[in-house]
Amino acid sequence: MWINMGPQHPMTHGLWNLRVKVDGETIVDAEPEVGYLHRGIEKICENRTYPQIIPLADRLCYGSSLTWSHLYCMTVEDLMGVEVPERAEYIRVVTLEMQRLASHLMWLAAYAVDLGMMAGFIYSMRDREVLVDLLQSLSGSRLTYNYPRIGGVAHDLPPNWDREALRACNYIETRLKEYEDLYEGSKIFMMRNVDVGLLTKEDALDLGVTGPPLRASGVRYDMRKDRPYSVYSDLDFEVCSRPEGDCFARYRVRIDEMWESCKIIRQAIQRMPKGKWRTVAPRNAPVGTGLGRVEDPRGEGMMYVVGDGSDKPYRLKIRSPIFITVSAAPSMLVGYKMADVVAIMGGLDMCIGECDR
Amino acid sequence: MRTGRQFVRSLILGRPNTVLYPHEKLVLPQVYRGKHTLDFKKCIGCGNCLNICPNECMWLEKIEDPELGKIERPGVDLGRCLFCGFCAEVCPTVALHLTTEFELADRERESFVLSPKDIRDDAFASTFKEERQSRKLPYLDLSKCTSCEKCAEECPEMCIAMMPIEKVDKKKPEINLAKCTSCEKCITACPENALVSTEVYESYFETPEPRLLLSKCTGCSACARACPTDAIYMMEMPGSEKTLKDGKKGKPKKRAVFVFEKCVGCGRCFKACKFGAIEMPGVKK
Amino acid sequence: MNLFQFCNGIIVWLVELVNNLWYWLGDVLPWYFGDFFTGIGDFAGSHGHIVVMTIVLESLMVIIVALINVLNFIWLDRKLSGRIFDFYGPYYVGYRIGGWLQNLADGMKLFVKEIIVPAKADKLGFLLAPVIFVGSSFLILATIPLSPNFGIATNESGEFVTAGVLFAFAAFAIAPFSILLAGWSSNNKFTLIGGMRSAAQMMSYEIPLLLTVASVVLLAGSFSFVGIVDAQHDIWFAIPLFIGLVVFLVCIAAEVEVTPFDLPEAEAELVEGWTTEYSGMRFGLFMMTSYLRGYAGGALATALFLGGWQGPSLIPDEIWFLIKAYTVFVVIEWMRWSLPRVRVDQILELGWKRLLPLAVLNLLIAATFKTMGWFSG
């Protein structure tokens, strides 16, 4: 019997439909249907000048919006050949890692409440508030920051911001320790996650899965190490990876990534030089193409822009990681119970905004 | 451990983490992007905010003000606004700001359309420290300039170059603002006081520059009237007088001369010129 | 004086008052009508009628006490969950008294909502399911006394019925039937799955529950609540039968459907489970009954394991009983807000493979204690 989970559903994050074919309680087949949130962003971008697209890029994935605006600015800087001052690069790294922390905390919150533990939701959201408040005092808004610019960042860090950022890192690290104890000490959580939703290494590589699901299946591929962008080549951190490939491995990879992000933020704040934070970018783009790749909290994001000499792009193509990962869902779901759907799809961290663009 | 501490605080001491919203409110940072506020006196009505808004939610309204006369000021439609802050960032005279007011909910869409009078607040700028950086730069008043070249001699950085104006006998000083260090030597050197020290706010967006096609310029001075920053001067072209029917010499034709340092890239000259003599790539008519 | 005598007194007084009217009418009116009213007066004053009315009044009082306790439970649940989560519970409605009036506000809201019946639903089953569910849950309270003086199931002289425990647990077990009926008659795939899961869970957790109760009854030597509580005058049964208490609490949690066992109403997949198609006050009745069963479970745990109404006699017995019931409820709620949900096949595995042996072990321990003569009579 085919069951529709969604599109109207209180607990799928975002607006999408998952059709599962159920035999009793066991899943026999699955079919995700996305596209309910398509806003035509790529078409809208063809009628906007280059700076005007930055707020639109923010709204691609509202869960980790700084990643997408940075990605867009990097792509256009590649097209126009603009060089970004070093202080701006370090500020970008700090804010990107903070955004990664905030996005992973939101994932943890949603994951906990899907499994029934409302306390996990409230605690993770409360800790995310610390980071969001910091970013609010930096850029002026809590969710869609509109902070990067083509050629740098919008304005300099406010006074004492880096001290507050270090304090936030310390706080998040103590809370991470507690989350580890809370979740891994709970037998029920382990029962629901270990050996559930297996994704083998070959399947992951074949289906084009990237990000934490790929690293949880044993492939050590992280854009920040393999194709370094910005100043990541100067920073010292590790690629988190687990060989098992089940839901618990995905959970563990994300927790490890949060620890690494705190390390990166500390190093970047320490090394940040003084200087300019923005250069003036040209208004008209040369005829040519630009490509940008970034390690989104959900996978590998990529943007490709074609310039035609005017001040509007001719074409902007966005590669969303979730669009590819969600098509790997059937191979992870077949053979498990219906109650596991939530755990498995939650482990993929679906943010439908970027999936449907 | 922290959870234990938080639990005790929350349950036994009765002080949980909540902010009881209507009774207590959070203090927002100054950079928070809320409702717009406009300083009528500083705004020059250039319309840069209209051009950069991603969602086209601003328009210019003609207003009769008792002190300032006939002016054009922008209004904003908050129903369409993204609160991205670009309009405040690109304003050349820091007249438009975004305040921390966010409690803007209402029942009807029409109440979101704010006319310039609704967002007028001339005293807002005095309530906070302006974050945007400013420099003091020399701005040229071309009507007073006699092409004596004293400013170009005085400048220690060699920023000023005297460029000839086509078909007009004079030369005008062109200042390279990127190299200017605000030492103000040229301002004191000018005998006619044609160079004025003005506080200029940095706007990192590159604005489009107009180009004049001299062959089409008829000297109607529509562009000079339209320019909000007085960057266009009409100068007479000697040798272009026509002899009239009764033998007398007529008046010489005028042409438009641009002082590009003052140009903010609003595009009003481009829209005002009916003869197609001004080219501005990328701006719609 | 016990509840029966109290209510009897009230009814007798009331009947005498109203009988004045009937007898006066009987005297005043001519022969046929007069006889009619005199006959009503005689009937009203007869022994059977007074006893029936007394029992009705008693039930009404116990139901009101139960409902007020349920309101308190819901408020306590929300406040407690709020403090565990680091925020206030209900705050604004009933500002000064900590938001207690929130329940009344929610109830009023549910009353004014539109009641929608799905077009293809089985009308009789759809209407009947809440009735059976709520009715059977109130029935559990029929035999639980709050103290030797406060209970319905007594005869005239105040002796309690001798099979109270049996009746209470029998009423407890009617619920799975109504859940299946509700889930099936809503004509919805999801509610069907939810109903079946819920019925499976409830039925499989009845067995350890009843085995634990059997061990208590073994030690106490009687099926009536008064007898069980009196047998605890030396030591509460929670201490020798500690495993039994734990198994009992887990089974009550599974019966009442709190997390970790709330898969039938798992929001993540099934929206609201078997109550999805119910709207307005019908849904409110289901919610309320869920808390009522929690209260009944807490009351049962108190009576069976925690010594019922025994305590220092500063506080009246009923209040002591209620305090213990509230404590059991708090423990269950604490479990509810800190644990994730267990998957349905894991629930059944837990029930059959882990709890059943523990319950049998408990029964063995009780039998051992009994044969050693420590709990006689």
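Every number here is computed from the coordinates shown, using simple stated rules; none is lab data. Keep in mind that this is a model prediction, so the values were computed, not measured. Glycine gets a Cβ as well: all are built from the backbone with ideal geometry, and neighbour counts include every protein chain shown.
Taking a temperature of 37 °C and a viscosity of 0.692 mPa s, what whole-number D in µm²/s does Stokes-Einstein yield for the range A:36-138 with Rh from Kirkwood over alpha carbon pairs? The partial results should precede the final answer.
Numbers: Rh = 15.5 Å.
The diffusion coefficient I find is 212 µm²/s.
Loop-located chymotrypsin sites (Phe, Trp or Tyr not before Pro) in the range B:90-169 (DSSP state other than H, G, I, E, B) with a sparse environment of at most 11 neighbouring Cβ atoms within 10 Å: B:128. Take the Cα radius of gyration of the range B:134-202 and divide it by 2.2 N^0.38 Å, N being the number of residues; the result is 1.05. Each residue of the range B:111-118 was assigned a 3J(HN,Hα) from its phi angle through the Karplus expression (A = 6.51, B = -1.76, C = 1.60, θ = phi - 60°), giving 6, 7, 7, 9, 6, x, 5, 5 Hz with x at Gly and Pro. In a solvent-free Debye calculation with one equal scatterer on each Cα, what is log10 I(q)/I(0) for the protein assembly as shown at q = 0.06 Å⁻¹, listed in the order of the q values? For the requested q values the scattering log ratios are -0.63.
Pairs B:171/B:242; B:70/B:136; B:167/B:216; B:144/B:171: which are spaced more than 18 Å apart, C-alpha to C-alpha? Working shown, then result.
Values: B:171/B:242 24 Å; B:70/B:136 29 Å; B:167/B:216 14 Å; B:144/B:171 12 Å.
From B:171/B:242; B:70/B:136; B:167/B:216; B:144/B:171, over 18 Å: B:171/B:242; B:70/B:136.
If you take the Cα centroid of the range C:179-242 and the Cα centroid of the range B:85-156, the two points sit 74 Å apart. Annotation: amide H-H contacts under 5 Å for residue A:227 (H modelled 1.01 Å from N, sequence separation of 5 or more, or interchain): none. Both the radius of gyration and Dmax for the range C:335-377 are 16.1, 44 Å, in that order, over alpha-carbon atoms.
Here residue B:199 and residue A:202 are evaluated by their C-beta separation; at R0 = 51 Å the FRET efficiency comes out at 0.20. Across the range B:78-86, computed HN-Hα scalar couplings (Karplus, 6.51 cos²θ - 1.76 cosθ + 1.60, θ = phi - 60°) run 5, x, 9, 6, 8, 6, 7, x, 5 Hz from first to last residue, x flagging Gly and Pro.
Projected label points at residue C:120 and residue C:104, each 7 Å from Cα along the beta carbon direction, are separated by 4.4 nanometres. Here the spin labels are modelled as points 7 Å beyond Cα on the Cα-Cβ line, and at residue B:20 and residue A:19 they lie 5.2 nm apart. Ordering C:64, A:161, B:178 by Cα displacement along the dipole of the protein assembly as shown toward the positive end leaves B:178 in first place; charges were set at the Cβ atoms of Lys, Arg (+1) and Asp, Glu (-1). Can you give me the P(r) profile for the range C:26-169? Cα pairs, bins 5 angstrom wide beginning at 0, each as a whole percent. Result returned by the calculation: 2, 7, 9, 11, 11, 11, 13, 12, 10, 6, 4, 2, 1, 1, 0, 0. Label-to-label distance for residue B:157 and residue A:177 is 5.3 nm, based on points extended 7 Å past Cα in the beta-carbon direction.
When the Debye formula is applied to the Cα atoms of chain B, each taken as the same point scatterer, what base-10 log of I(q)/I(0) results at q = 0.09, 0.11, 0.13 Å⁻¹? Once normalised to I(0) and log-transformed, intensities are -0.58, -0.79, -1.01. Structure remark: mean-square fluctuation, Gaussian network model of chain A, C-alpha springs under 10 Å; the largest value among A:229, A:62, A:171 belongs to A:171. Each 10 Å bin from zero up to the one holding the largest Cα-Cα distance in chain A carries the following percent of pairs: 5, 25, 34, 24, 10, 2, 0.
Across all Cα pairs in chain C, the calculated P(r) in 10 Å bins from zero up to the longest distance comes to 5, 20, 28, 24, 14, 6, 2, 0 percent per bin.
Centre-to-centre, using Cα atoms only, the range C:30-51 and the range A:276-305 are separated by 96 Å.
Just going by the charge dipole of the protein assembly as shown, with Lys and Arg at +1 and Asp and Glu at -1 on Cβ, which of C:91, B:256, C:325 is farthest out on the positive end? In the protein assembly as shown, that residue is B:256.
Taking amide H positions as modeled 1.01 Å from N, with prolines and chain starts lacking one, the residues under 5 Å from residue B:174 and 5 or more places away or on another chain are B:161, B:162, B:163. The charge dipole of chain A, taken about the Cα centre with unit charges on the Cβ atoms of Lys, Arg (+1) and Asp, Glu (-1), comes to about 940 debye, rounded to the nearest 20. Ranked by how many other Cβ atoms sit within 10 Å of their own Cβ, fewest first, the residues A:257, B:130, B:108, B:236 fall in the order B:108, B:130, B:236, A:257. Size descriptor for the range B:19-127, Kirkwood hydrodynamic radius: 14.7 Å (Cα pairs only, one decimal).
Seen from all directions on average, the range A:13-95 presents a Cα convex hull projection of 8.2 nm². Between the range A:14-64 and the range B:167-242, the C-alpha centres lie 51 angstrom from each other.
Toward the positive end of the charge dipole of chain A, with +1 on the Cβ of Lys and Arg and -1 on the Cβ of Asp and Glu, the farthest Cα among A:265, A:183, A:209 is that of A:265. Coupling constants for the range B:256-270 follow from the phi torsions by the Karplus curve (6.51 cos²θ - 1.76 cosθ + 1.60, θ = phi - 60°), and in residue order they are 8, 10, 9, 9, 5, 5, 8, 5, 9, x, 6, x, 6, 5, 4 Hz; glycine and proline get x.
Close amide H contacts of residue C:341 (hydrogens built in the peptide plane, cut-off under 5 Å, sequence separation of 5 or more or a different chain): A:116, A:117.
Shown here are the Rg and Dmax of the Cα trace of the range C:222-372, at 17.5, 56 Å. Size descriptors for the range C:3-45 (Cα atoms only): Rg and Dmax, in that order, 12.2, 41 Å.
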